[in-house]
Amino acid sequence: PSDLRRPTSMFVQDENIDRLSPEPEAKARKDRRKFHTPTPITQNPQGHVLPYHDEDDDREQQQIRNEILAQQAVLLTATVQNDLDSIQQVEARMTEITTLLSQFAELVTEQQEEIAVIHETTVRSKENVSRG
């Protein structure tokens, strides 16, 4: 049955068989898949089927979330420290203002006493001028 021969392009010759083996990268991916078992499809509490997810992807996403949280923590710490510095500056200014107000109150009290003395002196002088 030589007339039943298939075209030679349909057959792989022994000398070309090595070219059909997977490339090293494809083989490495296949090897990794052997050791990685995907998480089975599960259901959430409402009974909805959750889509397939890969634990490696979950770890990567968690790592990214952790990095973002760390950056936010640094930013928040810097913001809080800046706010604390501002509050301490305001507190120092308020202390200065309180000190100045106390000094002002003392001066007003002294001036009130001096005005009272001046008033008494003026009243006596007027009486002395009236008596003649």
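The values are calculated or read from the model by the stated rules, or taken from the named source; none is laboratory data. Small disclaimer: the values here were computed from a predicted structure and weren't measured. Reconstructed Cβ throughout: ideal geometry from the backbone, glycine too, with neighbour counts over all protein chains shown. Ligands, DNA and RNA are excluded from the accessible area calculation, which covers all protein heavy atoms including side chains. Shrake-Rupley method; radii C 1.70, N 1.55, O 1.52, S 1.80 Å.
Quick notes on this structure:
- For the range 123-132, a residue qualifies if it is open to solvent by 80 Å² or more (accessible area, probe 1.4 Å) and not charged (D, E, K, R), and the qualifying residues are Asn128, Val129, Ser130, Gly132.
- So Thr79, is it surrounded by 10 or more Cβ atoms within 10 Å (Cβ to Cβ) and more than 49 Å from the chain's Cα centre (by Cα): no
- Restricting Glu114, Glu110 to residues that are modelled with pLDDT of 95 or more and open to solvent by 100 Å² or more (accessible area, probe 1.4 Å) narrows the list to Glu114.
- Arg93 vs. criteria modelled with pLDDT under 95, of a type in the set (Lys, Arg) and either part of a helix (DSSP H, G or I) or surrounded by fewer than 10 Cβ atoms within 10 Å (Cβ to Cβ) (or both): no
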